[in-house]
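This report refers to the structure that appears directly beneath it.
The values are calculated or read from the model by the stated rules, or taken from the named source; none is laboratory data. Fair warning: this is a prediction, and the values are worked out from it, not measured in the lab. As a convention, Cβ positions derive from the backbone with ideal geometry for all residues, glycine included, and neighbour counts pool all protein chains shown. Heavy atoms of the whole protein, side chains included, go into the accessibility calculation; ligands, DNA and RNA do not. Shrake-Rupley method; radii C 1.70, N 1.55, O 1.52, S 1.80 Å.
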Amino acid sequence: MRLGKAEELMLRGYYGESCKKAIKLILTIADSYGCGTTIKIRSAHVSGVSYKNIGDPGIEFLKDMSREGCKVRVKTTMNPCGFDLDKPWLFDVDEPFFKKQMEIIELLKSMGVEPTLSCTPYYADNKPRKGDHVAWAESSAVVYVNSVIGAYTNRESGPSALAAAITGRTAMTKEHKEDRGPEVKVEAPLAVRDCADWGILGYLIGLKVPSQVPLLLLRKGYTRESLKYLAAGLGTSSSTSMFLLDEVGWSSRKLEEVQIDQPEIADIYDRWALTRTPSLVFIGCPHCSLGELRAIAERLRGRKVKKDVRLLISTSRSVYAEAARRGLVAAIERAGAHLVKDTCLVVSPIKLSKDDVVLTDSAKAAHYAETMTSSNISIGKRWRCIEEALGS
Ligand code: F3S
């Protein structure tokens, strides 16, 4: 492999052992999946932040990387951790978990990673521009920045995103090429409006197209918000890092064709149907935008969450701060809902029993919640979820 001057110095250990390990990882990936070379990046987003996900081996890895005062070379943000740093008690966090989680955050901070703790950093904390090459982990964000923003990123893992941040470069793969094009045509001109529908549509597309880049032929009327949910669903059921919309005449290409029909969406709602009153309603996978919080606050005005139901709504720190300034946090919490930041249902150690009934408007959250608990998991449209949580 042909190396640049900086890469050679990193490999020789000129910038320390951690940086040497990081560049070795990037070069190994470039060798096996890429075009045998690297590309400079403008930003990184690191996943694998929750102690629930990475455990003690993850802490050891971070300790190893943070030795010798190793620092990231580009703007780097963090995915959610195991609890809201200001309300850990909402997530059944015990002392050992609390300490280990804080250790992870401190280790990342010591390397210069910003404690943004969100899966939607593109709203405020880390905003790639069209054409930027970045190294992001977190599948929903990867699919979103490639497909909606038009930046270029591999579907990085937590360790590879951190290695990219430390070296300032990542493996040059087909995801970083300007001519990345579609591989399968997906016809789905459906009447999907709710964010739950969009998440399910993405999830269905991923089930039918598990690894290729789909060209989506959708009915007009989608928004960036709709595509956020579609990206999260798609990233859950497939290994793709992006989708394309028919905005540059891709549809004239001859490609394998796949169809998604309206009844398939209904089948997913049936599979995850609500059979009893929920004990926990979860909204905010991926983290809610300010616009979503405004609409939720409006919906909750003058209403109260039932005593035996928890309504959990998750967002990012920065969106939370803006929502607080605009009185939305107070409005949401007045109704008895919990607006939380830094975390989500899936990456938190929240305890759920087999008697719990969880209702969410996110296909991604439902998919992962089902793997981590014996509780009954169901999917509903957003306002149905909220109404199920409300008493009056
Ligand atoms: Fe974000 Fe958690 Fe969903 S990290 S995408 S809210 S599973």
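The figures follow:
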{"quantity": "Karplus (6.51, -1.76, 1.60) ³J(HN,Hα), θ = phi - 60°, over the stretch 22-38, in Hz, Gly and Pro reported as x", "calculated": "5, 5, 4, 4, 4, 5, 5, 5, 4, 5, 8, 10, x, 9, x, 8, 10"}
{"quantity": "Sequence-distant residues sharing a close amide H with TRP136 (under 5 Å, placed H)", "calculated": "HIS45, ASN154, GLU156"}
{"quantity": "Estimated inter-spin distance, THR275 and VAL258, nm [label 7 Å along Cα→Cβ]", "calculated": "2.9 nm"}
{"quantity": "Computed [θ] at 222 nm, helices only, for the chain once each DSSP H run of length n ≥ 4 contributes -39500 (n - 2.57)", "calculated": "-12000 deg cm²/dmol"}
{"quantity": "Residue among SER157, SER362, SER139 with the largest mean-square fluctuation in a Gaussian network model of the chain, springs linking Cα atoms under 10 Å", "calculated": "SER157"}
{"quantity": "The stretch 303-384: trypsin sites (Lys or Arg not before Pro) in DSSP loop, at most 12 other beta carbons within 10 Å", "calculated": "LYS307, LYS351, LYS354"}
{"quantity": "Beta bridges by DSSP in the chain, antiparallel share as percent, to the nearest 5", "calculated": "10 percent"}
{"quantity": "Most mobile of TRP272, TRP250, TRP198 in a GNM of the chain (Cα contacts under 10 Å)", "calculated": "TRP250"}
{"quantity": "5 angstrom amide H check on GLU114, placed H, neighbours 5+ away", "calculated": "THR76, THR77, MET78"}
{"quantity": "Full-stretch length increase - ASP355, THR371 - with 0.36 nm per residue and alpha-carbon distance subtracted", "calculated": "4.2 nm"}
{"quantity": "Gyration tensor verdict on the stretch 1-50 (Cα atoms; rounded if a/c is under 1.5, prolate if a/b is larger than b/c, oblate otherwise)", "calculated": "oblate"}
{"quantity": "Whole-Hz ³J(HN,Hα) from phi, Karplus 6.51 cos²θ - 1.76 cosθ + 1.60, for the stretch 358-371, glycine and proline x", "calculated": "9, 10, 9, 9, 10, 4, 5, 4, 4, 4, 6, 4, 5, 7"}
{"quantity": "Around PRO57: net Lys/Arg minus Asp/Glu count, Cβ-Cβ under 11 Å", "calculated": "-2"}
{"quantity": "Within the chain: Cβ-based charge dipole about Cα centre, in debye rounded to nearest 20 (Lys, Arg +1; Asp, Glu -1)", "calculated": "940 debye"}
{"quantity": "Amide hydrogen neighbours beyond the local backbone of LYS127, cut-off 5 Å, H modeled", "calculated": "none"}
{"quantity": "Ranking by accessible area, most exposed first, for HIS133, HIS45 with a 1.4 Å probe", "calculated": "HIS133, HIS45"}
{"quantity": "Around VAL258: net Lys/Arg minus Asp/Glu count, Cβ-Cβ under 12 Å", "calculated": "-4"}
{"quantity": "Choice from VAL248, VAL74, VAL184 with maximal GNM fluctuation in the chain (Cα, 10 Å cutoff)", "calculated": "VAL248"}
{"quantity": "Alpha carbon centroid spacing (whole Å) that separates the stretch 17-47 from the stretch 132-180", "calculated": "11 Å"}
{"quantity": "Accessible surface ranking that places the most exposed of THR373, THR153 first, with a 1.4 angstrom probe", "calculated": "THR373, THR153"}
{"quantity": "The stretch 17-134: equivalent-ellipsoid semi-axes (sqrt of 5 x gyration tensor eigenvalues, Cα, Å)", "calculated": "27, 18, 12"}
{"quantity": "Spatial separation of Cα centroids for the stretch 221-277 and the stretch 320-343, in angstrom", "calculated": "30 Å"}
{"quantity": "Cα-based reach from LYS24 at 16 Å (exclusive), listing aspartates and glutamates while leaving out same-chain residues under 8 positions away", "calculated": "GLU7, GLU8, ASP64, GLU156"}
{"quantity": "Heavy-atom SASA rank of ASP86, ASP132 (probe 1.4 Å, accessible area, largest first)", "calculated": "ASP86, ASP132"}
{"quantity": "J(HN,Hα) series, the stretch 295-302, from Karplus relation 6.51 cos²θ - 1.76 cosθ + 1.60, nearest Hz, glycine and proline x", "calculated": "5, 5, 4, 5, 5, 8, 3, x"}
{"quantity": "Extension gain (nm, one decimal) between GLU103 and SER251, 0.36 nm per residue minus Cα-Cα", "calculated": "48.3 nm"}
{"quantity": "Charge-dipole axis of the chain as Lys and Arg at +1 and Asp and Glu at -1 on Cβ define it, positive-most pick from GLY284, PRO210, ILE200", "calculated": "GLY284"}
{"quantity": "Straight-distance crosslink candidates among aspartates and glutamates, where the alpha carbon sits under 14 Å from LYS100 and sequence neighbours closer than 8 are dropped", "calculated": "ASP56, GLU60"}
{"quantity": "Cα-centre dipole for the stretch 5-176 with unit charges at Cβ (Lys and Arg positive, Asp and Glu negative), debye to 20", "calculated": "800 debye"}
{"quantity": "Fully extended contour minus Cα-Cα distance, from ASP267 to ASP31, at 0.36 nm per residue", "calculated": "80.8 nm"}
{"quantity": "Summed residue charge, Cβ within 10 Å of THR173's Cβ, Lys/Arg positive, Asp/Glu negative", "calculated": "+3"}
{"quantity": "Cα gyration tensor category, rounded, prolate or oblate, for the chain with a/c compared to 1.5", "calculated": "oblate"}
